[in-house]
Amino acid sequence: MKLSNAALHRALVALAALALVVSSFHGNSLAEERAGGVQVGQRAPDFRAAASDGKTYSLSDLKGKVVVLYFYPKDDTPGCTVEAKGFQADTAAFTAAGAVVLGVSRDDLESHHEFAGKYGLTFPLLVDADGAIHDAYGAWKAGSLFGRTALGVDRSTVVLDRDGIVRRIWRSVDPDGHASEVLAFVRSLAAP
């Protein structure tokens, strides 16, 4: 069986991700070490990351806007695609509410470009290759792989107000319908 370059690249990325998870076995101590992150009412930590739209985003550059950071495990996988399509469907409504939606995963720019192009995603997908943004926002959870505890991405969403304060956090998100739930909350921030 001959694989195309893109298919070979995706297979190698998947194997590298599996190797990273397997090499990170430290039992619950690793999960506890990385389980921190922001809390509601705290100032959100700044970050700087390259995005699928060719720009580099920094939280400090978005001051004055409501920011929706949604963390997802992997480009072009079933749950992540459902979630991304939900945010895309509501992009105009988020913009009208003064919000910016930013998807965050550990995938590289090439993967983000392919994912965004395939599904017509117009909001930025940020690259967090080293997991620093995931660390800062607590987007990790312990799971089981081959009977051992492993650390993986917790499908999470964090909403920041116009002053950069964390106003809401969702953990272990069900991707179906989640974007609409987030939009309702974002709209409530503008209500008197």
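The values are calculated or read from the model by the stated rules, or taken from the named source; none is laboratory data. Note that the structure is a prediction, hence the values are computed from the model and not measured. For neighbour counting, all protein chains shown are included, and Cβ atoms are generated from backbone atoms with ideal geometry for every residue, glycine included.
The residue list 116, 99 contains one member that is buried (at least 21 other Cβ atoms within 10 Å of the Cβ), modelled with pLDDT of 95 or more and within 21 Å of residue 184 (Cα to Cα), which is 99.
Looking across segment 132-155 at every residue that is out of contact with any His (no Cβ under 9 Å at 6 or more places or on another chain) and under 24 Å from residue 65 (Cβ atoms), the one that is surrounded by the fewest Cβ atoms within 10 Å (Cβ to Cβ) is identified as 132. Does residue 173 qualify as being of a type outside the set (S, T, N, Q), closer than 20 Å to residue 53 by Cα, surrounded by 14 or more Cβ atoms within 10 Å (Cβ to Cβ) and touching a residue at least 24 places away in the same chain (Cβ under 8 Å)? Judged against the criteria, residue 173 is not a match. With the requirement that a residue be hydroxyl-bearing (Ser, Thr, Tyr) and touching a residue at least 60 places away in the same chain (Cβ under 8 Å), what does segment 86-121 give you? Residue satisfying the conditions is 111 alone.
Filtering segment 41-91 to residues that are among the polar types (S, T, N, Q) and in contact with a Lys or Arg (Cβ under 7 Å, 6 or more places away or on another chain) leaves 56, 58. Just one of 81, 122 is within 18 Å of residue 62 (Cβ to Cβ) and modelled with pLDDT of 95 or more; which is it? Going through 81, 122 in turn, the sole match is 122.
The set of residues in segment 119-131 that are surrounded by 17 or more Cβ atoms within 10 Å (Cβ to Cβ) and under 25 Å from residue 184 (Cβ atoms) comprises 121, 123, 124, 125, 126.
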